[in-house]
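> For reference, the structure I am asking about is given below.
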Amino acid sequence: MTKNPELAKVAFINGQPYQIEAGETILQFAQRYHFSIPTLCDDSRLEAYGACRVCSVDVALQADGPQKVVASCHTPVAEGMHIETHSVAIQKLRKNIVELVVSDHPLDCDTCESNGHCELQDVAAEVGITESRYQNAENHSHYDKDESHPYMRSDLAKCINCYRCVRACDEIQGELVLGISGRGFASKIIKDDDVSFDESACVSCGACAHTCPTGAISDIFQARAVEAEKKVRTVCSYCGVGCNLEVSVRGNEILSIRAPNDAEVNQGHTCLKGRYAWKFYNHPERLKTPLIKKNGQFVSASWDEAYQLIATRLSKIKIEHGADAIAGISSARCTNEENYLMQKLLRAVIGTNNIDCCARVCHSPTAYGMQQAFGTGAATNSIKDIKETSFIMVIGANPTAAHPVTGAKIKQQLMKGVPSIVIDPVKTEIARYATYHLQLRPGTNLAMMNMMCYYIIEQNLVDDAFITERCEDWESFKARVMALNMDELESICGVDKALVKRAAVAYASADKAMSFHGLGVTEHSQGSRTVMYIANLAMMTGNIGRPGVGVNPLRGQNNVQGAADMGCQPHQGAGYMPIDSADNHAKYTAHYGVHMPEKAGLKIPQMFNAAVAGDLKAIWIMGEDVAQTDPNQQHVLAALNNLDFLVVQEIFLSETAKLADVVLPGTSFLEKSGTFTNGERRIQAVNAAIEPLSGCKTDGQILADMINHLGGQQPSAAPEVVLEEIAQIVPFFAGVKWHELGENGKQWPVLADGQGTDILHIEQFKRGKGKFHYFDFAETQELIANGATFPFILTTSRVLEHYNAATMTRRTNNEKIVDKDILLINPQDARRKQIVSDSEVKLFSERGEIRMVAKVSNKVKPGVLFTTFHFPELMVNRLTGDICDTETMCPEYKVVAVDVQPLSC
């Protein structure tokens, strides 16, 4: 729209004035007002490059002044500037440039067959090129196609050397795999030292294929996008980053997935799981009919038969043993609406608070610890703040593997020189770029936090004004910290106290320090206490309530935040309101129209204990494979096998589903609509790309059906209906409306007027004043009881290619990239134990043993072993124990006393 030049700073496009914005290039300025300027080397997500010059325009600094040809992609627009986008001279220049580009890239190439789209052909058509006057004696047709990778492809005969792929690999993913070899016409794109995709360090994020304008680099899916009848915007169901996806669909078939560039969360980027690991949705092993176990064998059943059996059995158990003999475990992979209905089924229909979710075994210490310190158990800031911070601390997290898009953003900042601390017993990829890597002994996070607090106080780097105005219990905390012995804590952690001091001073001295933590903090016996210490660090340095600071948990599963928000926990209902409060109980009773149970329910570990004891008779599990993922597998199996009745909602016959009496076939995220809440509190719309596979129902529809079968009332499972009900009881969803979420969602709390919240605790904490907590370090009982007999500490995590129990990723080409769990062992220990890389070893603890392949690696220190838990063939959780976080009963996966031997022993 034309603006009045007397009211604002303007520049002129083709003689007409338009208002300019600070920091814009000419290309951005023109595009904002919908003027088309062709480009080849430009990508809005990348730094301006100015290589192809196709985007050239004529510029004069005044109306009748001399004109100059400039590349619009990197030339800033200035007040009073006169820009001609399609002068005769410019069009002639562009035509000549494009002719040169296409001289060795015929316009009738088969790019559209291999890539689905060719920007070069679009640009050629726009400038009027149908053939080139220039003929190269040579061309690039001699380059071999690279089809070595399960997903990625390259055909450098089509390459125009725009270098967008190289820049995307560098600037978006930060992997530095792609490069340029040779000069002039002989220059070409190479992977690492000119190897194949399969041999390279490529992490298959697809950023290069996403940006390539000609199909010189592509993937195995994107060519089919041209066949799409529709494209559906939805949200990835893997980790808690919450990447937006664009799904190409024909009929009821998914053709390809890519990421929209305008997504606030991921800006056109994804990891290989979000972009490529989706073929599980119609895998032959998908469950497509209810199953009922008869005489020890599953037989197919109708939905009515399955519903009737469940209703009969649960009603009988409730009558004979009471409602508290029944429990439910909800799913962080399901939508907010489905999790809300799950807890509603248990509380308002069955009449028990025995409802929990996977947050119990991952981030329950985060919610508890941050609630104690701040009053709210969620991320204080937004991921976009990574670009604003001046210091990054990553504690107990491997974000490039477990939260890859956020991890890439963190890595980019570290590569640009932003100072950082990584506190982790494993030398992760992020640790390689850290200013300070504090490689502590597993289980000693709290001791490390006490050391950092001590040195910050000692060096007088606390923010006295912030503490005085906004915090409480500071003086007692300070006194106890300053009484600690640093030599003793140094010995406990295994990290030089001088290094800890330098790191602590750097954190406290930064203008804006932002911390991220993961399961390496929470899955410990002192997990909640360590979270409170991370909050202590932020408060004592004033790093709360501003852009670029804060305490930010990296949520493990896509909707673990939402599952807890919706009340899938035994002590708090929807909206985190404690169920033992008379006022809250009255609110819930009025909301649901029935008398609500008042006694706190069982946490997941307590459910298993009660099942073994015979007190818990039935469990309903939705979308969680507890038999593979929960600790002390023998105990979990004993609990499940001792139940009178087990119902499992799943998409595959998981290890847990195999034990069920009734299995109900649910749906993947691609077949359902609703909302997910990511790790930065962003509530985003999930839109069904296809109809549920024949015989399946959405998990929300299953729950709504069962609410009605059991005597409750649930008129609809439609997301807009359930979301409206949620908004009536969850305070921070008050202004959430399905039709107002848009494409990028809103961050809670969403006020009644629909306004979201980027940053929490700006003026005051949710609890009023932030509270300091002091705790002494205490050695885990796992090492006290078993450390002498089992001298190694095993710690576990994920790899990039797989997700949790790998139920989904093992049914995609990801298994061709990583097909087994590997044990990392330090070279010093390997020599002592006579273990070599790629040999089989026996790994054993007080609870069991497994056999697996070892790899000798300096990523772990002597005495520490590391592995993942993705493959059911191994069942790593045979080794883990029952030690839990003292406050939340989150299992201590990260410290397991083990020993290891060559398989021949």
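Every number here is computed from the coordinates shown, using simple stated rules; none is lab data. These figures come from a predicted structure and were not determined experimentally. Heads up, the Cβs are rebuilt from the backbone with ideal geometry, glycines too, and the neighbour counts pull from every protein chain shown.
> Take the alpha carbon gyration tensor of region 724-844, find the square roots of its eigenvalues, order them as a ≥ b ≥ c, and report rounded if a/c is under 1.5; if not, report prolate when a/b exceeds b/c, else oblate.
Values: a/c = 3.78, a/b = 1.73, b/c = 2.19.
Taking the square roots of the gyration eigenvalues as a ≥ b ≥ c, region 724-844 is oblate.
> Tell me which label goes with the value of mean projected area of the Cα convex hull in nm² computed from the coordinates here: (i) 38.4; (ii) 40.4; (iii) 50.7.
From the options (i) 38.4; (ii) 40.4; (iii) 50.7, the structure gives (ii).
> Which ³J(HN,Hα) values in Hz, rounded to whole numbers, follow from the phi angles of region 531-538 under the Karplus curve 6.51 cos²θ - 1.76 cosθ + 1.60, where θ = phi - 60° and Gly and Pro get x?
Rounded to whole hertz, the list is 4, 5, 6, 4, 5, 4, 4, 5.
> With a point put 7 Å past each Cα toward its Cβ, work out how far Asn642 is from Thr757 in nm, to one decimal.
Between Asn642 and Thr757, the label points sit 4.3 nm apart.
> I want the antiparallel fraction of DSSP beta bridges within the chain, as a percent rounded to 5. Can you show the working numbers first?
Numbers: 63 of 107 bridges.
Approximately 60 percent, going by the DSSP bridge assignments.
> Same structure again: For the pair Gln901 and Ile180, what calculated FRET efficiency results from E = 1/(1 + (r/R0)^6), where r is the Cβ-Cβ distance and R0 = 51 Å, to the nearest 0.05?
Between Ile180 and Gln901 the formula returns 0.60.
> Can you bin region 781-905 into rounded, prolate or oblate? Criterion: square roots of the alpha carbon gyration tensor eigenvalues sorted a ≥ b ≥ c, rounded for a/c under 1.5, prolate for a/b above b/c, oblate for the rest.
Numbers: a/c = 1.85, a/b = 1.10, b/c = 1.69.
Oblate, because a/c is 1.5 or more while a/b does not exceed b/c.
> With an 8 Å Cα cut-off and a minimum separation of 6 or more residues, compute the relative contact order for the chain in percent.
Reported relative contact order: 13 percent.
> Through the Karplus equation 6.51 cos²θ - 1.76 cosθ + 1.60, θ set to phi - 60°, convert the phi angles of region 607-612 into ³J(HN,Hα) values in whole Hz; use x for Gly and Pro.
My calculation for region 607-612 gives 4, 5, 4, 5, 5, 4 Hz in order.
> Let me make sure I get this right: for region 680-784, a, b and c are the square roots of the gyration tensor eigenvalues over alpha carbons, sorted descending. Under 1.5 in a/c it's rounded, otherwise prolate if a/b > b/c, else oblate. Which is it?
The shape class here is oblate.
> Can I ask one more? Length gain on complete extension for the stretch Lys230 to Ser581, per 0.36 nm per residue less the alpha carbon to alpha carbon distance?
Value of the extension gain: 121.4 nm.
> List the residues of region 196-222 whose backbone N lies under 13 Å from a point placed 7 Å from the Cα of Ser148 along the Cα-to-Cβ direction.
Flagged as within label range: 196-202.
> Now a separate question. Gain in length, Tyr134 to Glu199, computed as 0.36 nm per residue apart minus the alpha-carbon separation, to one decimal in nm?
19.7 nm
> Under a plain spin-label model, where a point goes 7 Å from the Cα along Cα-to-Cβ, how far apart in nm are Gln764 and Glu47?
Going by the 7 Å Cα→Cβ label model, 4.6 nm.
> Where does the chain land at 222 nm, in deg cm²/dmol rounded to the nearest 500, when only DSSP H runs of n ≥ 4 count, each adding -39500 (n - 2.57), divided by all residues?
Taken over the chain, the calculation gives -8000 deg cm²/dmol.
> How long is the gain from Gln781 to Tyr33 if the chain were fully straight, where each residue apart is worth 0.36 nm and the alpha carbon distance is subtracted? All intermediate terms of the calculation are to be shown ahead of the outcome.
On the way: separation 748, 0.36 × 748 = 269.28 nm, distance 6.48 nm.
Here the segment from Gln781 to Tyr33 would lengthen by 262.8 nm.
> Sticking with this one: Nearest 5 percent is fine: what portion of the DSSP beta bridges confined to region 781-902 is antiparallel?
65
> What distance in nm lies between label points placed 7 Å from Cα along the C-beta direction at Ala22 and Ala498?
4.5
> Take the Cβ-Cβ distance between Ala590 and Trp303 as r, set R0 to 22 Å, and report the resulting FRET efficiency rounded to the nearest 0.05.
FRET efficiency, Ala590 to Trp303: 0.10.
> Near Ala611, within a Cβ-to-Cβ distance under 11 Å, what is the net charge of the other residues, with Lys and Arg +1 and Asp and Glu -1? Provide the component values of the computation, followed by the final result.
Numbers: positive: Lys617; negative: Asp615, Asp644.
Every neighbour counted, the sum reads -1.
> Let's test the formula: R0 of 51 Å, r as the Cβ-Cβ distance of Lys820 and Gln67. What FRET efficiency results, to the nearest 0.05?
About 0.20, to the nearest 0.05.
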